[in-house]
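What follows is calculated from the coordinates using simple rules that are stated; it is not laboratory data. All values reported here derive from a predicted model rather than from experimental measurement. Cβ placement follows ideal geometry from the backbone for every residue including glycine, while neighbour counts extend to all protein chains displayed.
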């Protein structure tokens, strides 16, 4: 972990939390890629920025505060646009974490990381909601398991086992199906927010990365049409994703709420550290957070669906 090189793409409230936690944990090196400049809107959820940073590059301004947290960690800034970087740029790192990226770029970079067998995460916060996607291709790790002992005085015995976990690509999860599940089993297997985020991605892919305007009737109708198509393909009743949930997500897609950034960012940083240390099982493969209900769902989406864990 202390030799690991990590790339964080994007600098907003979520990545502020991730950078803080990774640097405090003492990773080897952290590169922040971001071309945007600091605006007044950034000062709300981004605790690494100050009013004096207005007009500066976000990544450069935030990196100054990040370095103060742990001078032993090498922090590098790249002010280019992620869209302009070739695939080889991303594969030089041990692990890549995209935050608040357009779906076409997430797929492009995920594909490159898979081919190079480099760790990949993508995450975003949209108002009260957030998600994390993890793809470690083929991940080997150690798992400690406590087993009972016939000697009561000795107590349980801890044994270490080598495990292997295979991951699906982001594109594969966007085509996952849940046919044959009862309504009760479906609610345990997947969050409606999972599909709502995918509908939002599909809209962005149709509109060059632009987010929908929920005050525009044509945008609303397109979102509902995309919802019906995605859930039909997934063999799920479209009513599983209510209209109001989809519209709430779409209307707050670009909003940041500090407590939500802290929760999602804390989980994300912890999982990145777990992946780098190769100790215990990392996220496999989606984490979806609903701040309105105060719960999170971790589940696998891909050709083979497994049961989730609520927290």
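For the chain, a Gaussian network of Cα nodes joined below 10 Å ranks 147, 17, 293 by mean-square fluctuation, and the top entry is 147.
Sorted on the mean count of surrounding Cβ atoms within 10 Å across their residues, most packed first, peptides 91-101, 24-34 read 91-101, 24-34. Counted over the chain, the DSSP beta bridges are approximately 60% antiparallel. For the stretch 1-39 and the stretch 233-247, what is the centre-to-centre distance using only Cα atoms, to the nearest Å? Computed from Cα coordinates, the inter-centre distance equals 34 Å. Shape of the stretch 1-114 from the C-alpha gyration tensor: oblate (a/c of 1.5 or more and a/b not above b/c, with a ≥ b ≥ c the square roots of its eigenvalues). Note on the chain: with a GNM built from Cα contacts shorter than 10 Å, the maximum mean-square fluctuation among 85, 159, 74 falls on 159.
The shape of the stretch 130-265 comes out prolate: with a ≥ b ≥ c from the C-alpha gyration tensor, a/c is at least 1.5 and a/b beats b/c. Only one of (i) 19.6, 60; (ii) 18.5, 58; (iii) 20.0, 70 was calculated from the structure for Rg and Dmax of the Cα atoms in Å, and its label is (iii). For the stretch 104-193, report the translational diffusion coefficient in µm²/s to the nearest whole number, using Stokes-Einstein at 25 °C, 0.890 mPa s, and a Kirkwood Rh over Cα pairs. Answer from the Stokes-Einstein relation: 147 µm²/s.
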